[in-house]
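Notes follow once the structure below has been shown.
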Amino acid sequence: MNVIEGRNLTKIYGKKENQTVAINHMDISVKSGEYLAITGASGSGKSTLLHLIGGLESYTDGTLMVCGKDLNMNDEALSAFRRQNIGFIYQQFHLFPQLTVYQNIVLPAMIHKNERYEQRAVELLEYLDLSDKKNALPSELSGGQQQRTAIARALITGAKMILADEPTGNLDSASAEKVKVLLEQVWKTFHITLIVVTHDLSYAQRAERRIEMCDGRILA
């Protein structure tokens, strides 16, 4: 079963002579539970594709089905869909500096009114080796610990899919390796679909499948 089905998918920024075609009539399919790496040079459309799949941006033309839903929906429905189905991990951790580790993790679940968030948060803190950092602020964490917090936040609502945009790009080599291994463990343990955008070809080779992008298209 495919969790992502995109046909003739197109994303254009700007108008007329100032147009930029970021995604160029792309067809893409991703199986449920697959671990996919997306590579390509800067400006090839990797992050734009991830944003389209995650419903963070709208597409200009074509069709896109994610988790059985057409993403051509209104903003309110799209926000609810994201909270229920998709977790995001970024190169910059995007943690709220004034909130503790625990508060950062549970925030999406509280918005979604998930009644099990407290129990799940405790389970994730333990699973990700963050229990002793529960009340710490992001400024008191290492880069690796901040990214583990971001991973827990992505998982708190029971997301079926994790979209990771350069998740190790802001880490030293030792911390990056730990995050790579952790994401692989998360993929296997929680039976999620994992899509990682990366410039690191050695990292991409660890995925089940790799696609390379150039000028908004998938290279054959």
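Read-outs: derived from the displayed coordinates by stated rules, not from any lab. These figures come from a predicted structure and were not determined experimentally. Cβ coordinates were reconstructed from backbone atoms using ideal geometry, including for glycine residues, and neighbour counts include every protein chain displayed.
Fewest first, what order do 199, 51 take by the number of other Cβ atoms within 10 Å? All intermediate terms of the calculation are to be shown ahead of the outcome.
Working: 199 14, 51 19.
Placing the least packed residue first, the sequence is 199, 51.
Rounded to two decimal places and with Rh computed the Kirkwood way over Cα pairs, what is Rg over Rh for the chain? Could you put the intermediate results ahead of the total?
On the way: Rg = 17.3 Å, Rh = 17.9 Å.
The Rg/Rh ratio comes out at 0.97.
Would you please put 69-77, 82-90 in order of how densely packed they are, using the mean number of other Cβ atoms within 10 angstrom per residue and starting with the highest? List each step's numbers first, then the result.
On the way: 69-77: 12.1, 82-90: 20.7.
Top to bottom by mean Cβ count within 10 Å: 82-90, 69-77.
Once the piece of chain linking residue 177 and residue 2 is laid out straight, how much longer is it, given 0.36 nm per residue of separation minus the C-alpha distance between them? Mind dumping the intermediate values first?
On the way: separation 175, 0.36 × 175 = 63.00 nm, distance 2.92 nm.
Extending this stretch completely gives an extra 60.1 nm.
Where does the chain land at 222 nm, in deg cm²/dmol rounded to the nearest 500, when only DSSP H runs of n ≥ 4 count, each adding -39500 (n - 2.57), divided by all residues?
Details: 7 runs with 77 residues, N = 220.
For the chain, the value works out to -10500 deg cm²/dmol.
Given labels modelled 7 Å from the Cα in the Cβ direction, how far is it in nm from residue 190 to residue 13?
With each label placed 7 Å out from Cα toward Cβ, I get 2.9 nm.
Any idea what the relative contact order of the chain is, in percent, if you count C-alpha pairs under 8 Å spaced at least 6 apart?
Details: 411 pairs, mean separation 68.0, N = 220.
About 31 percent, as a whole number.
GNM on the chain, C-alpha springs below 10 Å: top fluctuator among 133, 180, 15?
15
Return, for the Cα atoms of segment 1-103, the radius of gyration and Dmax in Å, separated by a comma.
15.2, 48
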